[in-house]
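Everything on this sheet refers to the single structure shown next.
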């Protein structure tokens, strides 16, 4: 019940921010990248291989996802790895996946 009350309070700039985040995840390639980041820490070259996208396009999508605070980067040696930013984003993605897979 508390979540429903909080949802009613989102207006103005925050409502637009929510719409912008939903639009970001509405892009198939960005959604694929977010799901890969959901599975664990992954670098640009691995994302490019798994999505069959160029590294520059993957980097572009990651920049947008990072700007929206959906993913975060962490340096591991010479590589930068990406993961889902926090449990809120993780839960939303998992719940959406479960919803779609539910029959």
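Laboratory data are not the source of any read-out in this text; all were calculated from the coordinates shown. This one's a predicted model, so the numbers in the text were calculated from it and none came from an experiment. Neighbour counts run over all protein chains shown; Cβ positions are idealised from the backbone, glycine included.
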Sequence ranges 37-45, 14-22, ranked by mean other-Cβ count within 10 angstrom, highest first: 37-45, 14-22
For the stretch 14-55, alpha-carbon Rg and Dmax in angstrom: 11.9, 35
Computed over the chain: relative contact order in percent, which uses C-alpha pairs under 8 Å that are six or more apart: 23 percent
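For the chain, just run the numbers: alpha carbon Rg, then divide by 2.2 N^0.38 Å, N being how many residues it has. List each step's numbers first, then the result.
Values: Rg = 14.8 Å, N = 103, 2.2 N^0.38 = 12.8 Å.
Dividing the Cα Rg of the chain by 2.2 N^0.38 Å gives 1.16.
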Relative packing of peptides 95-103, 83-91 - highest average C-beta neighbours within 10 Å first: 83-91, 95-103
